[in-house]
Amino acid sequence: MIIDGHNDLVLHRWLGEPTKHLDLDAARRAGFSGGFFALYVPSPPAAPPTSFPYATPLAAPIPYEEAVAVADELFDVLCALPVRRATSVGDFEDGEVTAIVHLEGAEPIAPDLSNLGQWYERGLRSIGPVWSRPNDFAHGVPFEFPGTPDRGPGLTAAGRALVRACNELGILVDCSHLNEAGFWDIAALSAAPLVATHSNAHALCPSTRNLTDAQLDAVAWSDGVVGVNFAVGFLRADGWSVP
């Protein structure tokens with residue numbers, strides 16, 4: 001079974017953009033089972049770095065009211081795709097592409113978690129507390145090279161409550177984009193295996209987005225999973241990603 005840790009097909013469809021992230025017809029013919037279909041409330045796009053080292057500032061936080069409205073639209077786009085939506089492992093079938101509903105950044109979740117159950121009923125089974133920019137739950141990493149994920153404080157009180165609630169409901173907590181302090185907070189709090197759906201090894205490419213050996217060891221000890229991010233700038237030892 002081939003499961004992809006992350007794709008942005010929904011975002012590109014919502015924006016009306018062509019995408020090479022995922023060709024559903026070709027994927028189905030190739031026996032692709034599906035994966036994590038991200039619902040990402042976008043920040044204004046930042047210009048890619050043209051020289052190295054680089055430091056790209058984080059985007060401003062997105063208010064809950066704005067985020068939840070966009071996330072509702074993104075969910076409608078996902079529902080219109082010719083894919084199944086998985087609420088359990090048994091929902092994957094041969095010959096079908098199946099989507100795990102994933103919130104990339106918890107901004108569409110109310111800080112008091114009052115709508116988390118509603119999202120669960122919609123099929124939400126994976127959530128990343130942050131997409132790099134800070135929010136009510138946690139702090140992410142800025143896009144810098146070279147750099148370390150050891151930036152800023154850990155989970156907020158709302159973030160700790162989110163982790164506990166996700167454990168109770170059976171929602172995966174994704175550590176990708178999270179800073180190191182937040183990662184260790186999840187490692188201490190969570191009763192579930194640690195997962196980073198699209199993160200790489202800091203020892204091989206010292207980007208802020210990558211996981212240190214200690215973090216990778218913690219994932220392994222928890223029987224968790226790290227999905228490789230194929231973005232070139234997070235793979236090359238020199239961080240170079242410009243064509």
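The values are calculated or read from the model by the stated rules, or taken from the named source; none is laboratory data. All values derive from a computational prediction rather than experimental measurement. Cβ atoms come from the backbone with ideal geometry, glycine included; neighbour counts cover every protein chain shown. Heavy atoms of the whole protein, side chains included, go into the accessibility calculation; ligands, DNA and RNA do not. Shrake-Rupley method; radii C 1.70, N 1.55, O 1.52, S 1.80 Å.
Data overview
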| item | result |
| --- | --- |
| Selection count, segment 157-178, where residues are crowded, with 24+ Cβ neighbours inside 10 Å, more than 18 Å from Gly224 (Cα to Cα) and not hydrophobic (A, V, I, L, M, F, W, C) | 1 |
| Scope segment 161-190; condition among the charged types (D, E, K, R) and touching a Leu at 6+ places or on another chain (Cβ under 6 Å); matching residues | Asp185 |
| Selection count where residues are at pLDDT below 95 and either under 27 Å from Phe137 (Cβ atoms) or in contact with a helix residue (DSSP H, G or I) (Cβ under 8 Å, 6 or more places away or on another chain) (or both), scope segment 90-102 | 2 |
| Which listed residue, of Ala231, Ala138, Ala203, Ala181, is more than 19 Å from Pro53 (Cα to Cα), open to solvent by 10 Å² or more (accessible area, probe 1.4 Å) and not polar (S, T, N, Q) | Ala181 |
| Residue count for segment 81-109, restricted to those that are open to solvent by less than 30 Å² (accessible area, probe 1.4 Å) and either under 18 Å from the mean Cα position of the chain (by Cα) or closer than 17 Å to Glu168 by Cα (or both) | 13 |
| Complete set of residues in segment 160-188 that are of a type in the set (Gly, Ala, Ser) and touching a residue at least 60 places away in the same chain (Cβ under 8 Å) | Ser176 |
| Counted residues, segment 141-156 - those being hydroxyl-bearing (Ser, Thr, Tyr) and buried (at least 16 other Cβ atoms within 10 Å of the Cβ) | 1 |
| Which listed residue, of Leu78, Leu39, Leu24, is modelled with pLDDT under 95 and open to solvent by less than 70 Å² (accessible area, probe 1.4 Å) | Leu24 |
